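Following: one structure in structure tokens, then a few remarks.
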Amino acid sequence: MKLLEIFPDARINQLQQILSDKSAWLSQDKKGFLRYRANLQQVAHLRASSCDFSTDTVRIGTATDLTVREQQTVHQALRNLMPWRKGPFSVFGIEIDAEWRSERKWRRIIPELPDLSGKVIADIGCNNGYYMFRAAFHRPAYILGFEPYVHHYYTFHTLNTFACQEILDVELLGIEHLPLFPESFDVIFCLGILYHRPSPIGALRDLFTALKPGGTLFIESQAIPGGEPVALFPKRTYAKVPGTWFVPTAGCLDNWLTRTGFNSVRLFHDHAMSSDEQRRTSWMTFESYEDFIDKNNPALTVEGYPAPRRVFFKAVK
Ligand SMILES: C[S@@+](CC[C@H](N)C(=O)[O-])C[C@H]1O[C@@H](n2cnc3c(N)ncnc32)[C@H](O)[C@@H]1O
């Protein structure tokens with residue numbers, strides 16, 4: 001197992017047990033998991049002639065790599081993986097316009113990236129791996145995506161079956177598994193996760209533990225506007241999203257990072273959310289940002305809370 005070769009200091013026995021339990025869990029069809037595997041098997045023999053991760057759209061293969069029949073099969077397999085939350089992708093010439101314009105988030109991060117070549121990286125809550133493919137352009141040694149959701153896990157593995165990027169891997173792990181990887185990563189991306197954690201300080205401590213000394217954390221979060229170091233704790237949902245716990249101001253997150261022990265904590269980007277960046281598309285047909293915001297007052301969520309901003313921090317261990 002490549003993962004266990006890359007991380008000699010990982011708590012190997014525990015990790016092996018967790019991964020083998022996950023694998024057994026995945027092989028049951030209690031929640032319809034087997035349909036994802038069957039979907040992947042339909043297209044698992046197809047390979048991209050080339051990939052391009054250097055531009056906004058992650059390009060895997062071209063239309064001329066496939067016969068018309070194969071292209072139809074891939075199109076159906078990709079449609080079966082809807083809703084597509086993160087993108088854009090072009091897969092054998094099939095353009096996938098995802099709900100989130102993830103290229104915008106990545107463009108904000110690019111100027112802040114350290115040299116990623118030869119580095120060991122984690123992407124926490126990596127979803128379908130969009131940012132992992134973009135980071136692969138910079139020639140890291142290895143990127144491990146932590147993603148506990150089976151749908152996203154299979155979406156990544158379907159894409160990477162075509163793309164054959166051996167330096168990329170996704171396991172059915174969550175941020176809570178980071179303590180199994182002490183001082184293991186040169187760079188960690190933790191984008192869009194922290195407000196989903198009931199214990200944000202615990203999560204930041206786990207991120208700190210998993211970074212090598214001198215390693216870099218990129219953390220991006222929903223935030224409320226304001227200059228006070230406070231966090232909103234919604235009664236039930238925030239912008240209709242259940243499982244949202246603490247939504248900090250930028251100053252509050254700065255304090256959380258500093259008091260966790262991070263150095264050189266720096267806010268490098270802060271912007272208001274908009275329905276340009278998160279919207280319904282033909283590949284994600286459910287409700288999206290415009291449905292989460294008060295129609296009469298875009299400064300408020302439907303619950304009457306301040307509408308979300310997004311803040312980006314860089315910090316060093
Ligand atoms: C709001 S999305 C953010 C996705 C991506 N990082 C981004 O910024 O666009 C949250 C992601 O975290 C994943 N997730 C859910 N529980 C998690 C956990 N315990 N640890 C890590 N990721 C988790 C979700 O499945 C989803 O892909």
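Only the coordinates and a few stated rules stand behind these numbers; no lab work does. Note that the coordinates shown come from a computational prediction; the quantities given were computed from them, not determined experimentally. Virtual Cβ from ideal backbone geometry, glycine too; neighbours counted across all protein chains shown.
A compact table of results
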item	result
Computed lengthening from Lys235 to Glu176, 0.36 nm per intervening residue step minus Cα-Cα distance	18.8 nm
Most fluctuating residue given options Pro111, Pro200, Pro234, as computed from a GNM of the chain linking Cα atoms under 10 Å	Pro111
Kyte-Doolittle at least -1.0, axis length at least 20 Å by Cα - qualifying DSSP helices, the chain	12-26
Most positive-pole-ward Cα, Leu15, Ser49, Phe33, against dipole of the range 7-54 from beta carbon charges	Phe33
Contour minus Cα-Cα distance for Glu287 and Ser27 (0.36 nm per residue)	90.5 nm
Lysine pairs within the chain, Cα separation less than 18 Å, 8 or more sequence positions apart or different chains	12
DSSP-defined antiparallel bridges as percent of all bridges, the chain, nearest 5	55
Beta bridge orientation in the range 45-155: antiparallel %, DSSP, nearest 5	35
Theoretical gain in end-to-end length, Ser274 to Tyr149 [0.36 nm per residue, Cα-Cα removed]	42.4 nm
Simple Cβ-charge dipole of the range 196-317, Lys/Arg +1 and Asp/Glu -1, about Cα centre, in debye nearest 20	440
Magnitude of the charge dipole, the range 157-231, Cβ model with Lys/Arg +1 and Asp/Glu -1, debye to 20	180
Student exercise, the chain dipole from Lys, Arg, Asp, Glu Cβ charges, in Debye to nearest 20	300
Estimated inter-spin distance, Leu4 and Glu183, nm [label 7 Å along Cα→Cβ]	2.3
Selected from Arg104, Arg59, Arg279 as most flexible by GNM, with the chain as the system and alpha-carbon contacts under 10 Å	Arg104
Residue (of Pro182, Thr158, Gly226) at the positive-pole extreme of the range 143-227, dipole from beta-carbon charges	Gly226
Of Lys240, Lys86, Lys30, the one that fluctuates the most in a GNM where the chain has Cα springs shorter than 10 Å	Lys30
Hull volume in cubic angstrom per residue (convex hull over the Cα atoms of the chain)	131
Separation of the Ser199 and Lys212 label points, Cα + 7 Å toward Cβ, nm	2.8
Positive dipole terminus of the chain, leading residue within Pro111, Pro306, Ala77 (C-beta point charges)	Pro306
Antiparallel bridges, percent of DSSP beta bridges restricted to the range 13-105 (to nearest 5)	50
Förster radius 25 Å - calculated FRET efficiency between Ala141 and Thr57, Cβ distance, rounded to 0.05	0.50
